[in-house]
1. Counting other C-beta atoms within 10 Å, which of A:C7, A:C92 has the fewest, and how do the rest follow?
2. Considering only DSSP states other than H, G, I, E and B, which GluC sites (Glu not before Pro) in the stretch B:117-219 qualify as loop sites with at most 13 other Cβ atoms within 10 Å?
3. Net charge within 12 Å of B:E106 by Cβ-Cβ distance, Lys/Arg positive one each and Asp/Glu negative one each, not counting B:E106 itself?
4. Enter the Cα centre distance for the pair the stretch B:124-203 and the stretch A:65-113, rounded to the nearest angstrom.
5. Charges on Cβ only, +1 for Lys and Arg, -1 for Asp and Glu, centred on the Cα centroid of chain A; of A:V70, A:L56, A:V39, which one is farthest towards the dipole's positive end?
6. Based only on Cα atoms, what mean projected area does the convex hull of the protein assembly as shown have, in nm²?
7. Give, rounded to the nearest 20 debye, the magnitude of the charge dipole that the stretch B:124-277 has about its Cα centre when Lys and Arg contribute +1 at Cβ and Asp and Glu contribute -1 at Cβ.
8. About its Cα centre, how strong a charge dipole does the protein assembly as shown have in debye, to the nearest 20, once Lys and Arg get +1 and Asp and Glu get -1 at the Cβ?
Amino acid sequence: MHEMSICLSVVQALQEQAKVHSYTRVKAVWLEIGPLAGVEPESLLFCFDAVAQGTLAEGAKLEIVHTPLVAWCMTCSKNVNLGNRFDGCPECQGRELQITGGNELRIKSMEVD
Amino acid sequence: MCATCGCGKGEVRIEAGAAGPGRDHAHEHDHHHEHSHDHDHDHGPEDGESRIIQLEQDILSKNNAYAAANRARFNAAGILALNLVSSPGSGKTTLLVKTIELLKGELPVAVIEGDQQTSNDADRIRATGVPAIQINTGKGCHLDAHMVGHAADRLEPAPGSVVFIENVGNLVCPAAFDLGEAHRVVVLSVTEGEDKPLKYPDMVASSQLMLISKIDLLPHIDFDVAALVANARKINPGIKVLKVSARTGEGMETWANFIRGARGLALTGREDLAAQG
């Protein structure tokens with residue numbers, strides 16, 4: 001639901017960076033999004049074109065890089081991949097898990113002119 | 001108005017004065033942000049050399065910076081800020097009104113109300129005699145830390161007070177936005193499903209306390225409190241749970257004790273403020 005505002009934040013960041021890195025046009029943006037970021041990649045893609053219109057990012061390609069959901073299992077003493085936040089450890093089924101990756105909501109890089 | 005998320009661009013309104021009864025002359029607050037981009041760029045495929053810039057910037061970093069500023073300001077003033085989140089209709093405002101009645105006179109309380117439209121909730125709070133300020137998010141679905149900072153500027157909560165931030169009724173979007181609160185409290189009423197924590201895990205995962213509200217209705221409905229708690233702890237094993245009824249008062253003293261305890265922590269370093277009510 002707040003994907004529109006996330007897209008606005010992305011475009012705003014691109015506008016701010018334009019002053020730092022001296023570019024006038026963004027051709028592509030790579031976003032890193034984890035399963036726990038709370039945003040729906042499909043609707044980001046849907047919103048981005050509309051939000052980018054009339055800005056230096058108009059027509060830019062939005063690429064989404066999905067990051068995995070990783071947790072440290074205190075019982076097994078190692079990192080394990082989870083399918084869902086409410087899954088137990090796939091190896092010991094324990095719930096003493098500390099999420100270590102999957103919250104990413106980050107502009108990774110961009111291609112600019 | 002909000003530069004953080006842009007949500008409800010131009011439609012966010014924060015009431016003008018902080019105020020108690022009699023000071024509520026609201027007027028529009030409008031400020032403009034410059035747009036420095038150029039519309040005359042070329043769209044041809046061959047216009048210049050492209051390059052890749054590694055940015056590695058958190059999209060919510062701006063909100064998080066505002067949240068850190070709010071948190072520092074609350075800490076410095078010994079203020080306990082609680083962010084109340086829930087779906088619409090869980091009874092947050094009624095719960096707040098009853099909570100204020102329990103705490104008023106014992107410690108200073110102020111309220112920041114978030115809703116898409118109307119100042120109904122702030123009006124209800126002001127009727128209890130404590131200062132409240134309404135943020136209308138317009139089309140926006142959540143409060144962000146920038147709005148809360150502005151609201152706090154106008155509300156000017158007394159040092160050592162408890163500030164309740166009643167978020168927009170929405171179990172999805174407010175989860176992503178840190179407001180600078182000390183604790184996030186998720187309210188789930190017994191007329192909702194036991195599986196709500198599983199359906200809306202982000203909110204439960206980011207909260208430290210879950211209030212199960214409207215428990216006076218339990219005799220009339222099929223609702224399994226134990227199942228709700230078990231589901232919440234699948235998502236967040238450390239979440240604290242309290243059962244309350246604003247209507248009958250059941251559990252309200254325990255909730256008030258939670259607030260007193262949390263305020264005690266917020267006063268660390270500002271013990272001089274503890275006595276004031």
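1. On the way: A:C7 27, A:C92 13.
Result, fewest neighbours first: A:C92, A:C7.
2. Values: sites: B:E166, B:E181, B:E192, B:E194; in loops: B:E181, B:E192, B:E194.
Those that pass, being in a loop and sparsely packed, number zero.
3. Values: positive: B:K104, B:R260, B:R263; negative: B:E101.
Spelling it out: positives minus negatives among the neighbours equals +2.
4. A separation of 28 Å, based on Cα centres.
5. Of the options given, the answer is A:V70.
6. Values: hull surface 85.0 nm².
About 21.3 nm², averaged over all directions.
7. Values: 16 positive and 17 negative charges, 15 e Å.
In debye, rounded to 20, the stretch B:124-277 gives about 80.
8. On the way: 35 positive and 51 negative charges, 302 e Å.
Computed about the Cα centre, the dipole is about 1440 debye.
FYI, it's all coordinate maths here, none of it is from the lab. Note that the structure is a prediction, hence the values are computed from the model and not measured. Glycine gets a Cβ as well: all are built from the backbone with ideal geometry, and neighbour counts include every protein chain shown.
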